[in-house]
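Each remark here refers to the structure printed beneath this line.
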Amino acid sequence: MLRQRIITAAWLAPLMLAGLFGLSGSLFALFTAGVVLLAGWEWTNLAGISRRDHRLMLVGVLAVIMLMLWLSGAALAAWPLWLGVAGWLVNLYWVVHYPARGGQWQSSPRRLAMGLWVLLPAWVGLNVLRDTGAAWLLFVLLLVWCADIGAYFAGRAFGHRKLAPSVSPGKSWEGVAGGLAATAVLALIFGAWQGLGLGGGLALLLATLAVTLVSVLGDLLESMLKRYRGIKDSSQLLPGHGGVLDRIDSLTAALPLFALLLMGVL
């Protein structure tokens with residue numbers, strides 16, 4: 001298992017770095033659309049769609065919507081991001097009230113709709129951040145990774161109070177605190193590197209803490225959907241690592257909010 005994880009990471013990491021930071025404009029949009037469409041394929045499974053032809057058709061619909069957003073200029077606009085933030089507020093309600101409110105989202109059409117407000121704003125957020133320069137795209141990626149690492153080690157060392165036991169029993173409030181501490185350090189370092197000054201650095205710190213909390217929700221949402229479906233991974237597209245959604249679940253929640261904050265605050 002470890003060997004397979006290493007082999008996958010050896011080819012996946014250079015590919016992702018080249019795509020995310022070596023491309024821009026339409027090529028970047030096309031590259032990230034490919035990643036999101038793979039996640040969309042996995043989402044159809046989370047939504048309970050089993051027939052292969054139906055899943056392919058739904059991914060095709062997602063591709064058409066993304067193309068329309070790009071051609072209309074909406075892939076670099078704020079309104080899809082606001083729709084994403086609104087959708088994540090709904091997701092928060094469902095995660096907090098799982099399983100009591102499960103009947104509100106467990107039908108396949110509603111889970112598919114949920115996928116639209118999770119995946120499309122995340123793709124728009126990627127394009128907005130890349131359009132502002134590679135530095136902010138790098139920052140949000142590092143933010144999610146640092147939050148995961150900080151939460152993992154703090155949770156293992158100090159975790160006692162469960163965050164959402166009905167959704168993800170392994171997560172704790174102490175882990176969340178560890179993630180916040182790690183991303184706060186990242187924000188201070190990044191703010192100094194970018195020369196933001198006191199005001200800009202404080203704004204970045206506050207934005208970072210908010211986005212860190214939201215990234216936790218992304219992880220919890222996918223855990224809730226997988227728990228309902230009775231599966232461990234979203235797919236086996238990445239041998240040893242599970243699926244694409246398993247790697248970007250926190251990022252899907254973080255991207256729309258951070259992109260909005262960057263457009264309006266920093």
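The values are calculated or read from the model by the stated rules, or taken from the named source; none is laboratory data. Keep in mind that this is a model prediction, so the values were computed, not measured. Positions of Cβ are backbone-derived with ideal geometry, glycine not excepted, and every protein chain shown enters the neighbour counts.
Name the residue that is surrounded by the fewest Cβ atoms within 10 Å (Cβ to Cβ), counting only residues in segment 104-134 that are of a type in the set (G, A, S) and modelled with pLDDT under 95.
Among those residues, the one meeting the criterion is G133.
Quick one: count up the residues across segment 186-200 that are farther than 17 Å from V211 by Cα and of a type in the set (F, W, Y).
Adding up the residues that qualify gives 1.
Looking at T212, T208 in this structure, which one is of a type in the set (S, T, N, Q), in contact (Cβ under 8 Å) with a residue 40 or more places away in the chain, in contact with a Leu (Cβ under 7 Å, 6 or more places away or on another chain) and within 21 Å of D246 (Cα to Cα)?
T212
Can you find, within segment 223-255, the residue that is nearest to W105 (Cα to Cα) among those that are in contact with an Asp or Glu (Cβ under 9 Å, 6 or more places away or on another chain), assigned to a helix (DSSP H, G or I) and free of Cβ contacts under 8 Å to residues at least 60 places away in the same chain?
So the residue we want is S223.
Among helices (runs of 4 or more DSSP H) lying entirely in segment 1-82, which contain 1 or more residues that are polar (S, T, N, Q) and within 15 Å of V244 (Cβ to Cβ)?
It comes to 2-22, 25-46.
Going by the conditions given, is R156 in a helix (DSSP H, G or I), of a type in the set (D, E, K, R), in contact with a Leu (Cβ under 7 Å, 6 or more places away or on another chain) and more than 17 Å from V214 (Cβ to Cβ)?
no
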